[in-house]
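> Starting off with a structure, shown below.
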Amino acid sequence: MRGVLPVGLTLACLGWMAAPGAAPGAARGGEPAPNVLLVTVDTLRADRLSSYGYPRATSPAIDRLLAAGARFTEARTVEPLTAPALASMLTSLPPHEHASTRNGLPVRPDLASLPRILRRHGYRAAAFVGNWTLKQELWGLGSHFEDYRELLNRRRWFGLVKGEATAEDLNAEALAWLEAHRREHGERPFLLWVHYVEPHAPYRLQREFTDQIGAAPDGDRYSSSNRYDSEIAYVDHHISRLLEAVAAQPAERTLVAFASDHGESLGEHGYWGHGRHVYDVTLRIPLGFTLPGRIVPQVIDAPALIVDLAPTVLGLLGHPVPSFFQGRDWSAVLRGEARPTPGRVTYYQAHRGVTTPKEDATRARQRGLLEVARIEGTSKEILRVTNNRRRLFDLATDAYETTTLTPTSPPNGDLLAWLDQVRAGLALADHLPPPSLTEEDVEALRALGYVD
């Protein structure tokens, strides 16, 4: 656990960002620096991918990608909401420290991040996102990229506002950028991030992929579960096209990192969606890294977090990892030079989905906190902060957390101490300028299910 030092953290970030950058294309040993392709999929459960044991053929392209590198079986997000989780992925900080704890609340200004650091090392950084919650004015991390494209040209079912893009839309823009980059910048390395929206609710039935995934397990072609699986197959197909285009570069020159922001509850615990609870169906995510010749193909069963992605990418590229990054650098393990360090204890938080114009914006972060959790080994403890309800689970025998164990001791002291740190961070972050959501913002977020 770490103390909440936002002022010192910001000063450290500013000092890091002010350091001189490397020349474009520089790398160790004089070789061209590897490109970085970051592929993330919204609302993707790990246990719905074939490579994680799912019997339906939902993800052949993703499975091939993960088999070619290192795949984590015990990876989790730190918060099951899109903007907070992806901010943690890029900054390697928990939500109460980067401040984007709810959709619609931006990160602290002047944070260091993976794109900012790589730009210092001569990379061009571009992002293509198709989710309204990632708009620059709502999130704040778009400015960390040289080129940040918000594709919001589609309505979500009967929504009034165009607030998303399909995988096909995102690929068209990303591949055009990639072609222009190659033409104009040659071997200069790039960071390219594509965040796909599917299979976010409300799930559409992608009819052209129903034969691929086979008959619906529940016998209902139009069930939510069947539609969800068909959306995974759809986005998997378009990920394969993106990977093929990037592979036109020498394979050994592209580091591919794959993840989702969070999972999804498909009726478990009487709940549909994500964000308000820290059950594993919404915390568990797929996570993998591929770089031929540098990453040893392997399956890693040790606990990993979404905050590990940025330090691991930097470690694999041979760049120093900022001391204030809170994720773990797995690069030595991925190269086969070390074994996972045992005994990692991990912490999680859940917040209300989005602020609204009626809410007191000066306490939006503090009022939004709902749950915290701690996992040590196979033991998981959840504390509902709104009513102090505790739930204990043994994940080894109860992976889907169906049976709450009877507490035989007080709440874990480390969890309570961490809760105090979270609350302190939220109180400090609420001194930031309050968010200002337009009616269009609220309507788009309502269509995504984040406004009650």
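The values are calculated or read from the model by the stated rules, or taken from the named source; none is laboratory data. The structure displayed is predicted, hence computed values, not measured ones. For neighbour counting, all protein chains shown are included, and Cβ atoms are generated from backbone atoms with ideal geometry for every residue, glycine included. What goes into the accessible areas is simple: the full protein's heavy atoms, side chains included, and nothing from ligands, DNA or RNA. Shrake-Rupley method; radii C 1.70, N 1.55, O 1.52, S 1.80 Å.
> Could you list, ordered by first residue, the pairs with Cβ atoms under 8 Å in which the first is in the range 250-279 and within 19 Å of residue 380 (Cα to Cα) and the second is among the polar types (S, T, N, Q) and part of a helix (DSSP H, G or I), at least 6 apart or interchain?
Between residues of the range 250-279 that are within 19 Å of residue 380 (Cα to Cα) and residues that are among the polar types (S, T, N, Q) and part of a helix (DSSP H, G or I), the close pairs are 262/82; 262/282; 263/282; 264/282; 265/282; 274/282; 275/282.
> What's the number of the only condition in (1) without any contact (Cβ under 8 Å) to a residue 24 or more places away in the chain; (2) in contact with a Gly (Cβ under 6 Å, 6 or more places away or on another chain) that residue 98 fails to meet?
(2)
> In this structure, is residue 168 touching a residue at least 60 places away in the same chain (Cβ under 8 Å) and in contact with a His (Cβ under 7 Å, 6 or more places away or on another chain)?
Criteria met by residue 168.
> For residues that are over 17 Å from residue 285 (Cβ atoms) and part of a helix (DSSP H, G or I), scanning just the range 49-65, find the one that is least open to solvent (accessible area, probe 1.4 Å).
61
> For the range 108-133, how many residues are closer than 27 Å to residue 169 by Cα and at pLDDT 95 or above?
Residues meeting the conditions: 13.
> Looking at 253, 276, 241, 227, which one is touching a Phe, Trp or Tyr at 6+ places or on another chain (Cβ under 8 Å) and of a type in the set (D, E, K, R)?
Every option except 227 fails the conditions.
> Here's another thing I want to ask about it. Let me spell it out: the conditions are (1) touching a residue at least 24 places away in the same chain (Cβ under 8 Å); (2) surrounded by 19 or more Cβ atoms within 10 Å (Cβ to Cβ), and residue 147 meets all of them except one. Which number is the exception?
(2) is the only condition that residue 147 fails.
> Given the conditions (1) surrounded by 15 or more Cβ atoms within 10 Å (Cβ to Cβ); (2) closer than 22 Å to residue 262 by Cα, report the number of the one that residue 378 does not fulfil.
For residue 378, the exception is condition (1).
> Does residue 108 fit the bill of being open to solvent by 10 Å² or more (accessible area, probe 1.4 Å) and either outside any loop (DSSP other than H, G, I, E, B) or at positive phi (or both)?
So residue 108 fails the test.
> Spot the failing condition for residue 74; the list is (1) open to solvent by 10 Å² or more (accessible area, probe 1.4 Å); (2) outside any helix (DSSP H, G or I); (3) under 28 Å from residue 366 (Cα atoms); (4) not hydroxyl-bearing (Ser, Thr, Tyr), and only one is missed.
(3)
> Inspect all residues belonging to the range 91-104 and state whether any of them is more than 24 Å from residue 362 (Cβ to Cβ) and either at pLDDT 95 or above or surrounded by fewer than 24 Cβ atoms within 10 Å (Cβ to Cβ) (or both).
yes
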